[in-house]
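I have placed the structure first, in the form of structure tokens, so that the comments after it can refer back to it.
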Amino acid sequence: MGEQLFFGNYSPVGDIVVISICIVMFILIATSFATRTKSFLLFLAMISNLAMASLTNVIMHDYYIHITGGDYTPIYFLRVLYHFFLFFMFLLYLAYFVHVLDIKGIGCRRIMIVSSFIFLVSMITDVVTMICGTGFRLNSDGTATAGYNIFSFGYLAFILVVAILMIEYRNRMYKNAVIGLAGTIIVSFLILLTQARHGQSSYTVSTFMFPIFAIMYLLHSNPYDIRTGAVNVNSFTDAVSYSYAKKRGFFYVSMYLPYFHSEGIPIPTNLQKELRQFPSQHFKKSILFRITNGHMLLMIPKKNNPDFYEKFKPVLEAFYKAFEIYRYDYKLVVGHSIDDISKKNDYLGFIKSIQKRMNVNTVHYVDDEDVKAYNRTGDIIKELEDIYKKNDLNDERVLAYCQPVFNIRTGKYDTAEALMRLKLPVLGMVFPDQFISLAEEYDFIHVLTKIILNKTCIAVGDLLREGYEVTRISVNASIPELKEHTFTNDIERIISSADIPEGKIAIEITESQSESDQKMILNMIDELKGVGTKFYLDDFGTGYSNMERIMKLPFDIIKFDRSLVIASKTDKRSEEIVRRLAGIFADLDYSVLYEGIEDEDDENRCINMYASYLQGYKYSKPVPIEELRNFFSKKSDNT
Ligand code: C2E
Ligand code: CA
Ligand code: CA
């Protein structure tokens, strides 16, 4: 702690460079962040603070050099201020860290309180030792006594806190980012050591800058897709939260190009260019987000574009023209912010649900009905999840309906298809088109199948005991549920626990294009044939209808889809094709069932096309399974 010529080696170059870089970074951050998120504000605060520290340092030294007389008071003051900025920098840094690591609640408060405490104690000690004369002091001849270097202790304490956080929460950060950050902190430390060796203090502030660079680069450097000029999807979520918090509405245009759905196919350069120029040309302050490779979303602030729908008309015209050239399929969804969805931050889910229902090359304007449908879907999913969790084979929300099937040979009804409906507390009756694909998507379908199977088995038992002739009832199975390892076991267990004769239950399944599905179907049929189960190929004629693949599977009955019944009505040629197809199956000992028979004309045609069974509204709509009693006959009737 000897005497030295104070600031003897100091050069303002280091600090001036820091100030300049801070200004540049300020501009970059202000222009590259799509929204004023928390990280954005913290960054700006850090950079401003850093620039202030450098500025104070420069002024302090300038004052020192040009000092006349012996009044050092301003230097003491500026030195305290300088340290204040640096310590405050530590705090901002920690706040950012805590934010990025998503540390919330008590953990967050504890870290910030402990650090503030270290910071305060250091500051106070610095001032007190200075006043007591044991700390930093300027002598009348211009030399300085360094005294206890409190600042270095504060610096060390800060590095310690960061190190502890990085070790404690390492799993929350991308590993390479941790390594990168640790690397820059080491570099900063080496600069400090080197300048100390040379009795320097010109580069102290710059050592604070490198970790900011590191964070900027590691965590925020990739928000922008250079090819389309779009900001990445995370920024969209941020932007929604921000606009919701600030109660600022927005419009959006979502453009989905199915062809570019996979990441492998880049959007052609011309189209890229149009996308890059598109937003700013038409809507003030709009931002283009890249949701996936083939999904872009333009967000348009309401405030700056109150006349959005007017402005959108010519844009849409231009879009149609452009797509006459590009000829890619598209789905456009146009809408505005809705509190309910902003709150959940679920525009992407909402838009996807709309896209799913849309035809390609159409534009959809979001309305209240969409929101209702979407919320309804959410409610249905919740109920399905609950049904799944309860796993109750008698769950009252799942109803077994049945559609009787007309047997041409006997002229009676002795088989039927079980069809599912949901009866939900708030939503009421829900039909398959609204829940089957959801249940498949969310993996809840197998539970539903088990329930419907159980209810069907019980009903068959009752009918048989009452003396009804029931040859069998078929239950639908979905391809996705065959993945369940317990599938065949579950089916066997439920059938055998019902105490009904073998073969009273059949399974309907659709064809599938995939090889692995084909194997699963074959395994299932192999295992369940053992207990006398018959198999229906459902919806023949709607899928890919690969004859070779179908013939490999030992189905018993082929269900010709309603679309074939309709096609056979349109002209003789189609009728002939359907008839011959059915003929091939009949020759090979399959039974042919026609679905969707609505009138006598359908009935007569299908009878002439090798039909064994007919099913459709002509005979009956699906009815509650108990009502099969109105269709099936009792053995005693059989005279
Ligand atoms: P699917 O298996 O092809 O069932 C036949 C559908 O056609 C039923 O609709 C039935 O009501 C309807 N239908 C019957 N006759 C006629 C007719 O003459 N004309 C017309 N236009 N339609 C007729 P539903 O009950 O709404 O079922 C729709 C689809 O939902 C079913 O198609 C099936 O794929 C699925 N589904 C229904 N219940 C279940 C189930 O328990 N499990 C599984 N995995 N899927 C089911
Ligand atoms: Ca079916
Ligand atoms: Ca069908």
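Please determine whether any residue of segment 473-481 is more than 16 Å from ligand 3 (Cβ to nearest atom) and either within 21 Å of Arg580 (Cα to Cα) or open to solvent by 20 Å² or more (accessible area, probe 1.4 Å) (or both). Yes: segment 473-481 contains one or more residues that are more than 16 Å from ligand 3 (Cβ to nearest atom) and either within 21 Å of Arg580 (Cα to Cα) or open to solvent by 20 Å² or more (accessible area, probe 1.4 Å) (or both). Is there a residue in segment 539-557 that is open to solvent by less than 30 Å² (accessible area, probe 1.4 Å), over 30 Å from Glu598 (Cα atoms), at pLDDT 90 or above and within 16 Å of ligand 2 (Cβ to nearest atom)? No, segment 539-557 contains no residue that is open to solvent by less than 30 Å² (accessible area, probe 1.4 Å), over 30 Å from Glu598 (Cα atoms), at pLDDT 90 or above and within 16 Å of ligand 2 (Cβ to nearest atom). Of all residues in segment 322-342, those that are under 11 Å from His364 (Cα atoms) and touching a Pro at 6+ places or on another chain (Cβ under 6 Å) total 0. The number of residues in segment 591-622 being open to solvent by 20 Å² or more (accessible area, probe 1.4 Å), within 10 Å of ligand 1 (Cβ to nearest atom) and not basic (Lys, Arg) comes to 6.
Out of segment 465-524, which residues are part of a loop (DSSP other than H, G, I, E, B) and within 16 Å of ligand 1 (Cβ to nearest atom)?
Here is the first cut: in segment 465-524, the ones part of a loop (DSSP other than H, G, I, E, B) are 466-467, 469-471, 477-478, 484-486, 498-504, 511-514.
Ala477, Ser478, Glu484, Glu511, Ser512, listed by residue number.
To keep it simple, each residue is scored yes or no on (1) of a type outside the set (Phe, Trp, Tyr); (2) within 36 Å of the chain's Cα centre (by Cα); (3) assigned by TED's automatic domain parsing to the domain that holds Leu464.
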{"site": "Ile479", "(1), (2), (3)": "yes, yes, yes"}
{"site": "Arg493", "(1), (2), (3)": "yes, no, yes"}
{"site": "Ser496", "(1), (2), (3)": "yes, no, yes"}
{"site": "Glu508", "(1), (2), (3)": "yes, yes, yes"}
{"site": "Thr542", "(1), (2), (3)": "yes, yes, yes"}
{"site": "Phe555", "(1), (2), (3)": "no, no, yes"}
{"site": "Ile558", "(1), (2), (3)": "yes, no, yes"}
{"site": "Ser563", "(1), (2), (3)": "yes, yes, yes"}
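Of all residues in segment 412-429, those that are open to solvent by less than 20 Å² (accessible area, probe 1.4 Å) and over 29 Å from Ser497 (Cα atoms) total 0.
Which of the residues spanning segment 526-548 are closer than 15 Å to Asn476 by Cβ and away from ligand 1 (no atom under 15 Å from the Cβ)? Residues satisfying the conditions are Leu528, Thr533, Lys534.
Going through (1) modelled with pLDDT of 95 or more; (2) more than 16 Å from ligand 3 (Cβ to nearest atom); (3) closer than 25 Å to Glu484 by Cα one by one, Pro624 falls short only on (3). Meeting the requirement of 2 or more residues that are surrounded by fewer than 18 Cβ atoms within 10 Å (Cβ to Cβ), the strands (runs of 3 or more DSSP E) wholly within segment 305-411 are 362-365.
Checking the condition under 29 Å from the mean Cα position of the chain (by Cα), in contact (Cβ under 8 Å) with a residue 24 or more places away in the chain and within 16 Å of ligand 1 (Cβ to nearest atom), which residue from Val460, Val447 passes? That would be Val447, the only listed residue that is under 29 Å from the mean Cα position of the chain (by Cα), in contact (Cβ under 8 Å) with a residue 24 or more places away in the chain and within 16 Å of ligand 1 (Cβ to nearest atom).
The residue that is least open to solvent (accessible area, probe 1.4 Å), among those in segment 253-269 that are modelled with pLDDT of 80 or more and in a helix (DSSP H, G or I), is Phe260. Taken over segment 40-51, the criterion of being open to solvent by 10 Å² or more (accessible area, probe 1.4 Å) and under 14 Å from Ile21 (Cβ atoms) is satisfied by Ser48, Asn49, Ala51.
Taking the conditions exactly as written (away from ligand 1 (no atom under 16 Å from the Cβ) and closer than 22 Å to Ala506 by Cβ), does Pro554 satisfy them or not? So Pro554 passes the test.
Here Thr184 meets each of (1) touching a Ser or Thr at 6+ places or on another chain (Cβ under 8 Å); (2) open to solvent by less than 40 Å² (accessible area, probe 1.4 Å) with one exception, condition (1).
The values are calculated or read from the model by the stated rules, or taken from the named source; none is laboratory data. Bear in mind that the values here come from a model prediction, so they are computed numbers and not experimental data. Backbone-built Cβ (ideal geometry, glycine too); neighbour counts: all protein chains shown. Side chains are part of the model used for accessible areas, which takes the heavy atoms of the whole protein and leaves out ligands, DNA and RNA. Shrake-Rupley method; radii C 1.70, N 1.55, O 1.52, S 1.80 Å.
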